[in-house]
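S.K.: A single structure is presented below for examination.
The values are calculated or read from the model by the stated rules, or taken from the named source; none is laboratory data. Quantities reported herein were computed from a predicted structural model and do not represent experimental measurements. Cβ coordinates were reconstructed from backbone atoms using ideal geometry, including for glycine residues, and neighbour counts include every protein chain displayed. All accessible areas refer to the heavy atoms of the entire protein, side chains included, with ligands and DNA or RNA removed. Shrake-Rupley method; radii C 1.70, N 1.55, O 1.52, S 1.80 Å.
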Amino acid sequence: DPWACVLRLRARRERNCGVQESEVEDKIAQRIAARKGRDFQRADAIRDELLALGIELMDEGDRTHWRVA
């Protein structure tokens, strides 16, 4: 199953950079709330914080996807 392979790879990369999926999802929720509140400085700070941990965010419309860079 190719999707299972992708999930295993993602989990291994998460462990390597020291973050858990729940932490990333929480930060993304905070960022979405900041964007809705038009607090773009906070939203950018959250993006930068995640990027420093090796997490890249990709915005697609009203959804945000992420990957371990």
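S.K.: Under 15 Å from a point placed 7 Å out from the Cα of residue 39 along the Cα-to-Cβ direction: which residues of region 17-32 have their backbone N that close?
M.R.: 27-32
S.K.: Can I ask one more? For Cα extents along the principal axes in Å, the choices are [x] 43, 31, 17; [y] 40, 24, 17; [z] 51, 38, 20; which was calculated from the structure?
M.R.: [y]
S.K.: Leaving ligands, DNA and RNA out of it, report the carbon-plus-sulfur percent of the accessible area of the chain at a 1.4 Å probe. Numbers along the way, then the final one.
M.R.: Numbers: 2500 of 5030 Å².
Ligands and nucleic acids excluded, carbon and sulfur reach 50 percent.
S.K.: Per residue, how large is the accessible surface of the chain? Use a 1.4 angstrom probe and give square angstrom. Mind dumping the intermediate values first?
M.R.: On the way: 5030 Å² over 69 residues.
Ligands and nucleic acids excluded, the result is 73 Å² per residue.
S.K.: Now a separate question. Is there a quick way to get the dipole size of the chain? I mean about its Cα centre, with the Cβ of Lys and Arg at +1 and of Asp and Glu at -1; what is the value in debye to the nearest 20?
M.R.: Values: 14 positive and 14 negative charges, 15 e Å.
About 80 debye.
S.K.: Taking 0.36 nm per residue of sequence separation and subtracting the Cα-Cα distance, how much length would be gained by fully extending the chain between residue 51 and residue 4, in nm to one decimal? Can you show the working numbers first?
M.R.: Values: separation 47, 0.36 × 47 = 16.92 nm, distance 2.48 nm.
Length gained, residue 51 through residue 4: 14.4 nm.
S.K.: While we're looking at this one, here's another question. Could you tally the net charge around residue 36, taking each other residue with its Cβ under 12 Å from the Cβ of residue 36, Lys/Arg +1 and Asp/Glu -1?
M.R.: Working: positive: 31, 35, 38, 42; negative: 39, 62.
Charge balance near residue 36 sits at +2.
S.K.: For the chain, modelled as a Gaussian network with Cα springs under 10 Å, which listed residue fluctuates most, 26, 44, 59?
M.R.: Top of the fluctuation ranking is 59.
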